[in-house]
1. Average partner chain C-beta neighbours within 10 Å, per residue of A:133-141?
2. Counting alpha carbon pairs within less than 8 Å and at least 6 residues apart, what relative contact order, in whole percent, applies to chain B?
3. In degrees between 0 and 90, to the nearest 10, how far off the longest principal axis of chain B does helix B:331-343 point, with axes built from Cα atoms?
4. Return the FRET efficiency for the residue pair B:K179, B:K81: r is the Cβ-Cβ distance, R0 is 56 Å, and the value is rounded to the nearest 0.05.
5. Could you list the GluC sites (Glu not before Pro) in region A:178-218 that lie in coil according to DSSP, counting only those with at most 16 other Cβ atoms within 10 Å of their Cβ?
6. Taking amide H atoms as placed 1.01 Å from N in the peptide plane, list the residues 5 or more away in sequence, or in a different chain, whose amide H sits under 5 Å from that of A:V28.
7. Express as a percent, rounded to the nearest 5, the fraction of DSSP beta bridges in chain A (both residues included) that run antiparallel.
8. Summarise the partner chain shielding of B:100-107 as one whole number: the mean count of Cβ atoms from other chains within 10 Å of each residue's Cβ.
2 protein chains.
Amino acid sequence: MQTNRVSFKQKLDAAVFEELQRYTKVAVIVDENTVTHCYPKIKQWLPEHTVIQIQSGEENKTIETCTKIWQALTDARFDRKSFVLNLGGGVIGDMGGFCASTYKRGIDFWQMPTTLLSQVDASVGGKLGVDFGKLKNHIGIFRVPDHVVICPDFLETLPQNELRSGYAEVIKHGLIANKEEWQDLSSKSLLEQDWEGVIQRSVAIKKNVVENDPTEKGLRKILNFGHTIGHAIESYLLDISGRKLLHGEAIAIGMICEAYLSVKKAGLPESELDSIQDYILKVYGKVELTDADIPHLQDYMLQDKKNEGEKINCSLLEATGDCGFDYVVSWDEAKESIAYYMSL
Amino acid sequence: MQTNRVSFKQKLDAAVFEELQRYTKVAVIVDENTVTHCYPKIKQWLPEHTVIQIQSGEENKTIETCTKIWQALTDARFDRKSFVLNLGGGVIGDMGGFCASTYKRGIDFWQMPTTLLSQVDASVGGKLGVDFGKLKNHIGIFRVPDHVVICPDFLETLPQNELRSGYAEVIKHGLIANKEEWQDLSSKSLLEQDWEGVIQRSVAIKKNVVENDPTEKGLRKILNFGHTIGHAIESYLLDISGRKLLHGEAIAIGMICEAYLSVKKAGLPESELDSIQDYILKVYGKVELTDADIPHLQDYMLQDKKNEGEKINCSLLEATGDCGFDYVVSWDEAKESIAYYMSL
């Protein structure tokens, strides 16, 4: 497997896009936000191109939207030497990357992530795909983009809740692999962070993990910390009116629950659980969950891609900055950790 | 890229399927033909499994059918350590393989091809996918199956027109890469062939080509001989009432047209064109095409995945048993070759 080619660009200019000249056709995939806030920043540097606009939002990350993208590429007679630039957050990156990778069995594509979440997470690692019914990323493949271009400039117009959502993955990267980074992050509030440095260090952590295990046979599983429970919460609340959470808001809850499980099963000192939960609650506040939610969460959790058979697989912290994987958690234990979060 | 693991089995028995025990769940994808004629031959050797039945026919090789397969796997709670066995012809192999390769970002699958066409062609090479509108194999990926099990036993119940269709790829393999094989084949009628030997030699030719170029950057393109024009004819006639052709029947026409172009552009001796067209017409007969069909064929041909921009890329014979690739053919030349076929 090819390793990720990731570039940090403080400034975008013609040179960044020069190599796009060699393609027969170029498409830029945008949504109604990035077409307004981000596309104007790159438009002038691009060769002649087709703009494919989709509706933003996780609920549109579906095979039906893929069909629209494939149709647009087909209508514009894109051939195998043509190219797709994904300009947007995780939805556009995952789905646009999946469409490019399956169009005529795969054409080249770049990720140009425009949210903090996609810059530190979705753009590195080659996980592509769409949701299926309520199941997140249920249909997809692994394929590394030809280039990931990260420019913090795009974050200027990002709403604060989106910044906070992306920050959950930043926190996670510190917790699973770099104690100093965690300590540095947790000594500052969200708005005090130096984003340029934070993003570069966070991407470096993820890249290092991914390159050691591109298809998630082992080590890469540590990136799932917080996600077994967090994903179930996110999927379950997705279409309950008034209760939808952003990805990182759900992962923040998942990290508290799984830090609790880490104390029970992986030797994380209780004092470290306390610091983790203190800081996460300070940044994200507390989300209301009720006993009536619990059976639904069980259903979602047992559908998780990470499970084998009926066992729930978790990545748990053995210490701050040190994560293990393939811990088997029973549903009763998972339920207990959710009860713990509810009691805080 | 992993090389193909292909086994020829004169007899199926428990040992062939023993390794399936290690999967958490097993699905067998069948259609209404293979569930009757082929599934009973293997059922007793399989571990507990789910049967997923789809409708046979190229017109069902769609994303919509994929959605049904993904749903069936989801409903049966298939996890990442589960498994799919594709029991059928090219449609089941291509589509079932695509579904398995994209379910939770990829689970293991075997191809167990049950037609001559899929045994000598679709099962080797890792091309997976579905049609999109009228465009054949427009959406898909490259991925090598974990195992291809070829058993000539399945051919016993195959209708003769299906056998003849598969035979076009057998002829093609001889023409592009093995002159003796071509001579041997063309000295016998369809029903005089020794299938066991024919299949083994034909698969060996394809495997050799594919392993030297798994993602179709160069050499592998020779496998497209006959397919640039043949595919266009197949796609165009697909849903014209009373004119639909089987894949190999269309490729047979494509091979005559492209052998004609081979004389014009690649140095194939005219006497070899004569033997090729004589034998192919003897086996397949002549298909009626009219002047009114020509503009439609142009449209289909310009959408071919093998093209770059508006140029038509062809693989052409430099001699019998020796094929070159990346010959650029104009639409006028392609049209002339179709007129040649019509004049025979």
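Rule-based calculations on the coordinates, nothing more; no lab input. Note that this is a predicted model, so its numbers are computed, not measured. All Cβ positions, glycine included, derive from the backbone under ideal geometry; neighbour counts span all protein chains shown.
1. Rounded to a whole number, the mean comes out at 4.
2. Working: 617 pairs, mean separation 51.4, N = 344.
Dividing the mean separation by the residue count of chain B yields 15 percent.
3. Taking Cα atoms only, the helix is inclined about 90 degrees.
4. Approximately 0.75, to the nearest 0.05.
5. none
6. A:T50, A:V51, A:I52, A:L85
7. Taking every DSSP beta bridge with both residues in chain A, the antiparallel ones total about 40 percent.
8. 6
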